[in-house]
Amino acid sequence: MKKHRPAGYPGNILIRLMVGLVFLCEGILKFLMPEAYGYGRFVKIGIPYPHFFGPFVGVTEIICGSFLIIGLWTRYSAGPLLIVILTAIYTTKLPILIDKGFWAAAHEARTDYCMLMGLIFLLIYGAGKYSVDYSH
């Protein structure tokens, strides 16, 4: 009986699409509506140099999210996005946990949690069968 590795499973594409599309859309929003999602949001949550980091994070999300979608350099792309999502959780969800408690924070963090778990999955198992990265 041949043993399959998760890296070769065709279902990895579902995780790549979920995570990649969310980051791609969020990155685009940072340029389409910078006051709400880019530098303006970064000012509100206290990120230093928001006029630099807003577009920088947007470009990172667009490039790395696109790479996840097609399955190119998947593990390398997951790294910068892990930094982005961990920073988002620390700066936006941790204050909710402190101010409003666990259940309010859990509700607000549901998408961030899914992105975090999806990125960890892709970092461990890679892009899967239907990807540019796949090698037999």
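The values are calculated or read from the model by the stated rules, or taken from the named source; none is laboratory data. Not measured: the values here are computed from a predicted model. Here the Cβ positions follow ideal geometry from the backbone for every residue, glycine too, while neighbour counts run over all protein chains shown. Protein only, heavy atoms only, side chains kept; ligands, DNA and RNA dropped before computing areas. Shrake-Rupley method; radii C 1.70, N 1.55, O 1.52, S 1.80 Å.
Would you tell me the accessible area of Met117, worked out with a 1.4 angstrom probe on the heavy atoms of the protein chains, in Å² to the nearest 10?
The accessible area of Met117 comes to roughly 80 Å².
Rounded to a whole number, what % of the accessible area of the chain do carbon and sulfur atoms account for, probe 1.4 Å?
Carbon and sulfur together cover 70 percent of it.
Total Lys pairs in the chain closer than 28 Å by alpha-carbon, pairs eight or more apart in sequence or interchain only?
7
Hey, what do the phi angles of segment 99-105 turn into as Karplus ³J(HN,Hα) couplings, whole Hz, using 6.51/-1.76/1.60 and θ = phi - 60°, x for Gly and Pro?
Computed from phi, the couplings for segment 99-105 are 7, 10, x, 4, 5, 5, 5 Hz.
Residues in segment 69-85 near a label at Tyr130, defined as backbone nitrogen under 18 Å from the 7 Å Cα→Cβ point?
Backbone N within reach: 69-74.
So with the 1.4 Å probe, I'd like the accessible area per residue for the chain, rounded to whole Å².
That works out to 63 Å² for each residue.
Using a Förster distance of 35 angstrom, determine the FRET efficiency expected from the C-beta separation of Val59 and Trp103, and round it to 0.05.
E between Val59 and Trp103, to the nearest 0.05, is 0.50.
Apply the Karplus curve 6.51 cos²θ - 1.76 cosθ + 1.60, θ = phi - 60°, to the phi angles in segment 48-62 and return the couplings in whole Hz, x for Gly and Pro.
Whole-Hz 3J(HN,Hα) from phi for segment 48-62: x, 6, x, 6, 8, 6, x, x, 4, 5, x, 5, 4, 5, 5.
Run the helix sum for the chain: -39,500 (n - 2.57) per DSSP H stretch of 4+ residues, divided by residue count, reported at 222 nm to the nearest 500 deg cm²/dmol.
That comes out to -22500 deg cm²/dmol.
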